[in-house]
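A short write-up of the structure that comes next.
Any read-out appearing in this document is the output of simple, stated calculations on the displayed coordinates, not a laboratory observation. Model, not experiment: these values are computed from the prediction. Backbone-built Cβ (ideal geometry, glycine too); neighbour counts: all protein chains shown.
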Amino acid sequence: MFSFGNIKIEKALLLAPMEDVTDISFRLICRELGADVVYTEFVNSEGLIRASEKTHKKLRIVEKERPVGIQIYGSNINSMVEAAKIAEEEQPDLIDINAGCWIKGVVNCGAGAGLLKDPVYMQNMVEGVVKAVKLPVTVKTRLGMDMNSINILEVAKRIEDAGAAAMTLHCRTRTQGHSGIADWSWIPRVKEVVKIPVALNGSVFTAEDVKNAFDETGADGVMIARGAIGNPWIFLEAKELLTTGKISTEVNIEKRIKICLRHLFLSIDVKGDRRAILEFRKYYSGYLKGFYNAAQIRAKLMTLLEYKEIEDLLLKYLEELLNYYSTH
Ligand SMILES: Cc1cc2nc3c(=O)[nH]c(=O)nc-3n(C[C@H](O)[C@H](O)[C@H](O)COP(=O)(O)O)c2cc1C
């Protein structure tokens, strides 16, 4: 059971925090398609304290996406405490501490996965944040810095002792980055040493992967990252597979295009036309991946600035695709 605060979810499906991907519109479309909990991208604690407008914008959440977590990162305990208080003012359902980011600039400053180098310091940081806010605090971390220094069992105990409500384990080391197959076998080992809910993350790209992850590890939740990009219906498929043992809602070309348009519509609703349409361009490649003539259509979409033009182009393209695939 994945739980935090008053929220309790059996076999929870979580949308991972992803920089430049999990904005409000993406979180909303994933919630509509079955994600149980969604997370903002990581938000820099120093930027929040400096009252940087760009950083502060990343905290924005809307009612319809609840339950939603705001993820913060940083290396200085006082800054993280202050940043957590600022994030709490936006009234998310939880605050998540990033202890897993592998990017050099972040790690070298002692933030993200850099915290794995000093589990006592990480514990103090989590404890400081837990004490400073009323909201549940969760932590997302990795196995360790590298294969020779896997310390997740100690780290998990310290996260629990610090008062975290739950944790997510990205089953890779910092040096692995996002490559290689995540080692899910650490989930049952972590669950043996802590009582707080543990969500599994890493190498979950299909609904079948979600089911296998639960079946093989006994995880309380499964957090999906890259598997949801251009494929947000993975949550719906996984839910169906978990509850009925099969997937009957086939996601065909028509549904993919319509979900893409729905996602764009949600984006316009929260950001306004121009900003939404420009920022949405990064999502087309995911939605049109593998389709006949996708590159040409994508190039055209990059030039359009009106929702109606985009809708017309995509619906015309849908007709072409249906014709093409009926004869090929
Ligand atoms: C584009 C991108 C941005 C990411 N940004 C974040 C982030 O802001 N915070 C975080 O904790 N992890 C971030 N991650 C890591 C993912 O949350 C996840 O841990 C990782 O992709 C492994 O899961 P996967 O194998 O299912 O993709 C990011 C990953 C990607 C691909």
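Hey, could you get me the Stokes-Einstein D for segment 1-139, Kirkwood radius over alpha-carbon pairs, 37 °C and 0.692 mPa s, rounded to whole µm² s⁻¹?
219
Checking the cross-link filter: which aspartates and glutamates have an alpha carbon closer than 20 Å to that of Lys300, excluding same-chain neighbours under 8 positions apart?
Glu254, Asp273, Glu279, Glu309, Glu311, Asp312, Glu319, Glu320
Comparing Glu306, Glu237, Glu46, which has the greatest mean-square fluctuation in the GNM of the chain with Cα pairs linked when under 10 Å apart?
Glu306
If I model a spin label at Glu254 and Glu63 as a point 7 Å from the Cα along the Cα→Cβ vector, what separation in nanometres do I get?
3.4
How large is the dipole of segment 41-149 about the Cα centre if only Lys and Arg carry +1 and Asp and Glu carry -1, each at its Cβ, rounded to the nearest 20 debye?
160
Could you pull out which residues in segment 280-300 have an amide N less than 16 Å from a spot 7 Å beyond the Cα of Thr327, following the Cα-Cβ vector?
It comes to 292-293, nothing else.
Which whole-angstrom value gives the distance between the alpha carbon centres of segment 284-328 and segment 113-170?
The two parts, judged by their Cα centres, are 44 Å apart.
In which sequence would Met125, Met18, Met302 go, from the one with the fewest C-beta neighbours within 10 Å to the one with the most?
Ranking Met125, Met18, Met302 by Cβ neighbours within 10 Å, fewest first, gives Met302, Met18, Met125.
Here are some pairs, Lys246/Lys289; Lys57/Lys289; Lys195/Lys239; Lys64/Lys239; Lys11/Lys246; Lys191/Lys289; which of them have Cα atoms lying more than 28 Å apart in this structure?
In this structure, Lys57/Lys289; Lys191/Lys289 exceed 28 Å between Cα atoms.
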